[in-house]
Amino acid sequence: MTIQITRSSMPDLEEYMQEISVLWENRVLTNMGIKHKQLEEELKRYLNIPDIVLFNNGHIALEYAIDAMELTGEIITTPYTFASTTNAIVRCGLVPIFCDINEQDYTMDASKIESLITDKTSAIIPVHVYGNVCDVAEIEKIALKHGLKVLYDAAHAFGVTVGNKSVAEFGNASMFSFHATKVFNTIEGGAITTKDARLAQKLNLLKNYGLTGPESVEYPGGNAKMNEFQAAMGLCNLKHVEGEILKRKAVVERYRENLSGVKGIKLCSEKEGVKSNYAYFPAVFKKYKYSRDEIFEKLKAEDIFSRKYFYPLTSTFGYFNGRFDPNDTPVAKLSADSVLTLPLYAGLSMEDVDRICRIISA
Ligand SMILES: *Cc1c(COP(=O)(O)O)cnc(C)c1O
């Protein structure tokens, strides 16, 4: 039987129907209706953050945050991410400056940031890849010293906590994605979290044409609102998210039992004090008896779909026309050439995990 890389979490159909039934009475389908308001409140509580602004998807949220934060010039970021992070920077007319990642958890190598700062740098956009938390303390120190803003791409990090802190508490703002494939989904959707009430207020205006009243427009905003059906899906999924994370945890632990200690396969190490959301299971095949691409093909031959995530590096995208040299970020380059994320979702059976691991080792 086919095993996909992921499978969206969904509530029971009855539960969703109950959640949306009121929409047939009030006929308010979007424009920050009751579901939108309720989801905001529940997410603020869940993510332990004073302000959240919901969007129709995570990528758009990132672009709106870059705009609202008035970032200019050069942005220090990482090439080891999904296209969205880099594309958002470029689409906002800014220049990405690519910082290498570290070998332990594939997040930005904070020790390499300062050498990339110029008088044009306005911000750092690091990525909590796979839900692994960046070196937030060091990044904050550098940002304060140089007067830079920090916007985290936290698309992978929903529900992650560090000590007693929510991952949403770091930096000036964080972007979360609620895409169907993420740990928590609103079908499509996303959010910006922040402790900066003025930034939140500005984002709330920007996502609705900048309208401050029926006859007044304060900013040249667009339309990036989350609708009521998305918010209702979020309300249902949020009730089950802790259970879904526990099911993912069981899958990840089974992979670890099977694969840790195998010569040539490197797994992410767990960080002390960090509560993971088990968003992805990356395995790095360096000096293993099969190359990453061979493992990918072996699995595919059995109808099992893994993903070269992240490959290629965003700095090598065609639209850059060779402007950036991937050898300038050697750890990112080597990781992109040897990483494979394995199928992972709540409800993937232990038998399937064992079968995937047998194919990898055979
Ligand atoms: C999914 C994702 C995004 C974009 O989120 P969407 O909600 O799909 O638009 C951005 N960055 C990363 C790292 C992602 O994985």
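For the reader, a short list of remarks on this structure follows.
Conditions tested, residue by residue: (1) farther than 28 Å from residue 62 by Cα; (2) in contact (Cβ under 8 Å) with a residue 60 or more places away in the chain; (3) among the hydroxyl-bearing types (Ser, Thr, Tyr); (4) open to solvent by 20 Å² or more (accessible area, probe 1.4 Å).
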residue	(1), (2), (3), (4)
228	no, yes, no, no
232	no, yes, no, no
235	no, yes, no, no
244	no, yes, no, yes
250	yes, yes, no, yes
254	yes, yes, no, yes
261	yes, no, no, yes
269	yes, yes, yes, yes
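- Among the residues listed as 131, 159, the single one being in contact (Cβ under 8 Å) with a residue 40 or more places away in the chain, among the small types (Gly, Ala, Ser), over 22 Å from residue 41 (Cβ atoms) and crowded, with 20+ Cβ neighbours inside 10 Å: 131
- When residues of the range 198-226 are limited to those that are among the hydrophobic types (A, V, I, L, M, F, W, C) and over 23 Å from residue 35 (Cβ atoms), the one least open to solvent (accessible area, probe 1.4 Å): 199
- Selected residue (only one of 345, 311, 280 is closer than 23 Å to residue 10 by Cα, open to solvent by 40 Å² or more (accessible area, probe 1.4 Å), outside any helix (DSSP H, G or I) and at pLDDT 95 or above): 280
- Residues satisfying the stated conditions in the range 98-108, i.e. surrounded by 20 or more Cβ atoms within 10 Å (Cβ to Cβ) and in contact (Cβ under 8 Å) with a residue 40 or more places away in the chain: 98, 99, 100, 101, 105, 106
- Condition broken by residue 356, with the remaining ones in (1) closer than 30 Å to residue 96 by Cα; (2) within 26 Å of the chain's Cα centre (by Cα) satisfied: (1)
- Filtering the range 50-67 to residues that are open to solvent by 10 Å² or more (accessible area, probe 1.4 Å) and either of a type outside the set (S, T, N, Q) or away from the ligand (no atom under 12 Å from the Cβ) (or both) leaves 50, 51, 59, 60, 63, 64, 67.
- Qualifying positions in the range 78-112 - farther than 23 Å from residue 276 by Cα, of a type in the set (Val, Ile, Thr) and within 13 Å of the ligand (Cβ to nearest atom): 86, 89
- If the condition is being of a type in the set (S, T, N, Q) and away from the ligand (no atom under 16 Å from the Cβ), then the range 140-184 contributes 161, 164, 166, 172.
- Residues that are surrounded by fewer than 20 Cβ atoms within 10 Å (Cβ to Cβ) and outside any helix (DSSP H, G or I), drawn from the range 111-126: 117, 118, 119, 120, 122
- Residue list for the range 132-161, restricted to those being among the β-branched types (Val, Ile, Thr) and under 20 Å from residue 234 (Cβ atoms): 160, 161
- Residues in the range 1-27 that are within 26 Å of residue 280 (Cα to Cα), under 28 Å from the mean Cα position of the chain (by Cα) and touching a residue at least 60 places away in the same chain (Cβ under 8 Å): 2, 3, 4, 5, 6, 7, 8, 9, 10, 11.
The values are calculated or read from the model by the stated rules, or taken from the named source; none is laboratory data. This one's a predicted model, so the numbers in the text were calculated from it and none came from an experiment. Cβ coordinates were reconstructed from backbone atoms using ideal geometry, including for glycine residues, and neighbour counts include every protein chain displayed. Each accessible area value is taken on the protein alone, full model and side chains, heavy atoms only, with ligands, DNA and RNA left out. Shrake-Rupley method; radii C 1.70, N 1.55, O 1.52, S 1.80 Å.
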